[in-house]
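Q: Pasting in a structure now, in structure tokens, and then I'll have a few things to ask.
The values are calculated or read from the model by the stated rules, or taken from the named source; none is laboratory data. Everything quoted here is computed from the prediction, not taken from an experiment. No Cβ is skipped: glycine too gets one built from the backbone with ideal geometry, and neighbour counts run over all protein chains shown. Calculation scope for accessible area: heavy atoms of the full protein, side chains included, ligands and nucleic acids excluded. Shrake-Rupley method; radii C 1.70, N 1.55, O 1.52, S 1.80 Å.
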Amino acid sequence: MLLVGSVFLPLIGAFIAGFFGRIIGDRASQIVTCLGIGLAALCAIPTFYDVALHGHAQTVNIMTFLSSGTFEANWALRFDTLSAVMVLTVTSVSTLIHIYAVGYMSHDDSQPRFMAYLSLFSFAMLMLVTADNLVQLFFGWEGVGLVSYLLIGFWFKKPSANAAAIKAFVVNRVGDFGFLLGIFAVYFLFDAVQFDVIFAAAPGKADASVTFFGINAHALTFTCLLLFVGAMGKSAQIGLHTWLPDAMEGPTPVSALIHAATMVTAGVFLVARMSPLFEFAPNALAFVTFIGATTCFFAATCGLVQNDIKRIIAYSTCSQLGYMFFACGVSAYQAGVFHLMTHAWFKALLFLGAGSVIHAMSEEQDIRKMGGIWKLIPVTFTVMVIGNLALTGIPPFAGYFSKDTILEAALAAHTSTGNYAYLLGMIVVFLTSFYSWRLTFLTFFGAPRADHHTMEHIHESPKIMTIPLGILAVGAVFAGMLGVHFFVGEGREHFWGEAIKVLPIQDSLHKMEEHEEHMTLVGHLVALLPLLLSLSGLALAYLFYIRRPEIPGKLAANFPALYQFLLKKWYFDELYDFLFTKNAFRIGRFLWKRGDAGVIDRFGPDGLSALTANAARRLGGLQSGYLYHYAFAMIAGIALIVTWFVVGKPG
């Protein structure tokens, strides 16, 4: 009962608020949705304790989802350690976001609809992470995609919000098409979509090959690459990342929910779930590592120069997802999921903290128009600093444990892609620290840059918003310390059980431990390097934005091409606009003007109607209204009839 409740209670809340919100009112809609997700979180705690800590994995069969011939996919809830971790994380963080949203959206005129969307989004994510087969997982996958469209475009009267929602939907469909092909490939190989069947048969398909468009390829590599394309779209990896910054057009609770514990982590979950297949596809793992590391670096460089407080944090999310992926790419799936869990707490904290700043600044989001407000909103300032400390990997905050484990695993992999990931990951540690503290210093310190009216009305957020911030801050402090032993420490084998299957010979964490046994002084310095880089980023940000605030402007003026390159996000949007958007419009216009209007309409309905009108017009010309014209026509007709009878009639 607890297992089912942890998944379906948010759906009940969404149903009541969505269909009866106008009847029961705003407050009742808020209560029922918060109660639904809150009770789901309470159910998830004993479930996690039983499944993850005591190893009692189980599957709850609900009904047959699809059945056709030999194909069958059940609707079942799979609860192993990976699912239990995800359910607990999603429900806990989502509960706090729901409560925060009650205060943040208090002046909105569509609160029941918003709260229903939030709960429906949480339910879709829970369906995804508890899926027992690929079809059910795809159901949850598409569910979060649909509801993200509704949430990003929630303020549908804003053209920018509509454009952002459509962009997110379209870009995700590109990735989802790859994922769908991956599911087809899995079924083609294994004649099944259920995870247990697939994983048991995976060793037997290790050397299988498949022919695709005349090209003979390693079957599992081909399949895993297709699955990863889906993960790239949902988790905003480079190439399919362009929707993520624009998703900030949605309300701040939406940003926190999408970027912290739900939608963008779905791709990481997929790779971890399918680890038994990826372990037999080393080339696919190398590609995952490369894409993750490149995304990590790309997003961090973009975050250096952004000025919208939410966009900076969004690029931070994109960068941290890169860490998670290259952890999975070097077979350290446990480390990737560990960072997913810790990241959910401190990233939700940062997004909701940014929302509190925006609330205090009368909806201003440009950090260049802030400054000098830390004394006016001390609670928000404190939790934002805690979030930054966790994000930048300062011990003993959560990010320190998970991020350092990922970097060590990449180094211990002793592969070219692992070394590439380690090098870029270390650079990104510095960049992350710099742009995070840049945000903090420009937002809270220095001389006030807002107008006098805004400064007069700055105030701390209500308790309905600050209490969730405080709880998230506790998670940002302690999540790493509490989880390190179970996720990646000595207790990890018992903790994970069979939830994440990793071949011992390829387990980067085992290699890391062997490496640490022979660690020299230089090795210890290498272990301290991420902390030193993080502190260096803090020091440089302090120099640039507190001590010598004129330096950033001079650098931008001296290196305008580089500055514009980063400000324009490596020109991905412009490139896609040139390659795809404009050409799509040209093709559409051609088909419209030449095809639809020029051929189909011209010779179809428009042609027939024009012919009919022309004939009617000519016949109408005979109706002159003069009696002698009609008499002449009658006489002529009679003459023709008589002539026909006299001349034309036979015999």
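Q: Of the numbered conditions (1) modelled with pLDDT of 90 or more; (2) surrounded by fewer than 16 Cβ atoms within 10 Å (Cβ to Cβ), Leu439 satisfies every one except a single condition; which is it?
A: (2)
Q: Among the numbered criteria (1) buried (at least 24 other Cβ atoms within 10 Å of the Cβ); (2) assigned to a loop (DSSP other than H, G, I, E, B), which one does Lys347 miss?
A: Answer for Lys347: the failing condition is (2).
Q: Where in segment 231-331 are there helices (runs of 4 or more DSSP H), lying fully within it, with 3 or more residues that are under 19 Å from Thr221 (Cα atoms) and open to solvent by 10 Å² or more (accessible area, probe 1.4 Å)?
A: On the way: elements: 243-246, 252-259, 266-273, 275-278, 282-303, 309-329.
Of the helices (runs of 4 or more DSSP H) lying wholly inside segment 231-331, those with at least 3 residues that are under 19 Å from Thr221 (Cα atoms) and open to solvent by 10 Å² or more (accessible area, probe 1.4 Å) span 282-303.
Q: Additional query: Are any residues in segment 130-173 in a helix (DSSP H, G or I), open to solvent by less than 10 Å² (accessible area, probe 1.4 Å) and more than 22 Å from Ala256 (Cα to Cα), and if so, which ones?
A: Residues of segment 130-173 that are in a helix (DSSP H, G or I), as a first pass: 134-152, 159-173.
Next, only the ones that are open to solvent by less than 10 Å² (accessible area, probe 1.4 Å) stay: 134, 136-137, 140-141, 144-145, 147-148, 151-152, 161, 164-165, 168, 172.
Residues satisfying the conditions are Leu134, Gln136, Leu137.
Q: For segment 30-55, what are the residues that are β-branched (Val, Ile, Thr) and open to solvent by 50 Å² or more (accessible area, probe 1.4 Å)?
A: Residues satisfying the conditions are Ile31, Ile45.
Q: Could we say that Leu66 is of a type in the set (A, V, I, L, M), in contact with a strand residue (DSSP E or B) (Cβ under 9 Å, 6 or more places away or on another chain) and either modelled with pLDDT of 90 or more or open to solvent by 70 Å² or more (accessible area, probe 1.4 Å) (or both) here? Working first, answer last.
A: Numbers: of a type in the set (A, V, I, L, M): yes; in contact with a strand residue (DSSP E or B) (Cβ under 9 Å, 6 or more places away or on another chain): yes; either modelled with pLDDT of 90 or more or open to solvent by 70 Å² or more (accessible area, probe 1.4 Å) (or both): yes.
Yes: the conditions hold for Leu66.
Q: Further question on the same structure: Among what's in segment 211-230 and is outside any helix (DSSP H, G or I) and of a type in the set (A, V, I, L, M, F, W, C), pick the residue that is least open to solvent (accessible area, probe 1.4 Å). Walk me through how you get there before you give the answer.
A: Narrowing segment 211-230 to residues outside any helix (DSSP H, G or I): 211-218.
Those left that are additionally of a type in the set (A, V, I, L, M, F, W, C): 212-213, 215, 217.
On the way: Phe212: 96, Phe213: 179, Ile215: 110, Ala217: 30 Å².
Among those that are outside any helix (DSSP H, G or I) and of a type in the set (A, V, I, L, M, F, W, C), it is Ala217.
Q: Tell me which residues, restricted to segment 175-200, are hydrophobic (A, V, I, L, M, F, W, C) and loosely packed, with under 15 Cβ neighbours inside 10 Å.
A: Phe177, Phe184, Phe188, Val197, Ala200
Q: Kindly indicate whether any position in segment 424-435 is open to solvent by less than 20 Å² (accessible area, probe 1.4 Å), part of a helix (DSSP H, G or I), of a type in the set (A, V, I, L, M, F, W, C) and closer than 30 Å to His98 by Cβ.
A: The answer is no, given that none of the residues of segment 424-435 is open to solvent by less than 20 Å² (accessible area, probe 1.4 Å), part of a helix (DSSP H, G or I), of a type in the set (A, V, I, L, M, F, W, C) and closer than 30 Å to His98 by Cβ.
Q: Being touching a Ser or Thr at 6+ places or on another chain (Cβ under 7 Å) and not small (Gly, Ala, Ser) is the filter here, so list the residues in segment 245-261 that pass it.
A: If the condition is that a residue be touching a Ser or Thr at 6+ places or on another chain (Cβ under 7 Å) and not small (Gly, Ala, Ser), then Met248, Glu249, Leu257, Ile258, His259 are the ones that fit.
Q: If you don't mind, there's one more thing I want to ask. On the basis of being at pLDDT below 90, farther than 30 Å from Val379 by Cβ, out of contact with any Gly (no Cβ under 6 Å at 6 or more places or on another chain) and part of a helix (DSSP H, G or I), does Lys501 make the cut?
A: Details: at pLDDT below 90: yes; farther than 30 Å from Val379 by Cβ: yes; out of contact with any Gly (no Cβ under 6 Å at 6 or more places or on another chain): yes; part of a helix (DSSP H, G or I): no.
Against the criterion (at pLDDT below 90, farther than 30 Å from Val379 by Cβ, out of contact with any Gly (no Cβ under 6 Å at 6 or more places or on another chain) and part of a helix (DSSP H, G or I)), Lys501 does not qualify.
Q: Restricting attention to segment 357-382, report how many residues are out of contact with any Asp or Glu (no Cβ under 6 Å at 6 or more places or on another chain), open to solvent by less than 10 Å² (accessible area, probe 1.4 Å) and within 12 Å of Phe444 (Cβ to Cβ).
A: Result for segment 357-382: 8.
Q: Can you give me the number of residues within segment 1-23 that are β-branched (Val, Ile, Thr) and crowded, with 16+ Cβ neighbours inside 10 Å?
A: 3
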